[in-house]
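Here is the structure we will look at, set down as structure tokens.
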Amino acid sequence: MIQAKIANLFDGSPRVLTVPEIARIARASESFLKDQIHRDKLPCYLVGTHFRVLKTDAIRFFTGEGVSGG
């Protein structure tokens, strides 16, 4: 149930998201998300100097279901 509600927040979003996009969608601070990335709790890909997060990993992170790694 909670996963569906969180997934609905990300409806219409691209499959790969930036930290500011996730922060806006989830109403979380960018610094919190970057901290979670540095603690390996939110997997990401580095594109140049910018983090990219798969939408599915963001949903798993916010539902507490674990993540696939990246």
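The mean sequence separation of alpha-carbon pairs under 8 Å and at least six residues apart, normalised by the residue count of the chain, gives a relative contact order of 36 percent.
Here the chain has 52 percent of its accessible surface on carbon and sulfur atoms, given a 1.4 Å probe and all protein chains in place.
Rolling a 1.4 Å probe over the protein heavy atoms gives the chain an accessible area of 65 Å² per residue. Restricting the calculation to Cα atoms, the chain shows an Rg/Rh of 0.92 when the hydrodynamic-style radius is the Kirkwood one. A simple charge model with +1 on the Cβ of Lys and Arg, -1 on the Cβ of Asp and Glu and nothing else charged puts the dipole of the chain at about 60 debye relative to its Cα centre.
Taking every DSSP helix (H) stretch of at least 4 residues in the chain, weighting each as -39,500 (n - 2.57) and dividing the sum by the residue count yields a mean residue ellipticity at 222 nm of -13500 deg cm²/dmol. Put simply, the amide H of CYS44, placed in the peptide plane, has neighbours under 5 Å in GLY70, leaving out anything fewer than 5 places away on its chain. Note on SER29 and GLN3: the extension gain reaches 7.3 nm, defined as 0.36 nm multiplied by sequence separation minus the Cα-Cα distance.
The values are calculated or read from the model by the stated rules, or taken from the named source; none is laboratory data. None of these values were measured; they are calculated from a predicted model. A quick note on method: Cβ atoms are made from the backbone with ideal geometry, for glycine too, and the neighbour counts reach across all protein chains shown. We work out accessible area using only protein heavy atoms, side chains counted, and drop any ligands, DNA or RNA first. Shrake-Rupley method; radii C 1.70, N 1.55, O 1.52, S 1.80 Å.
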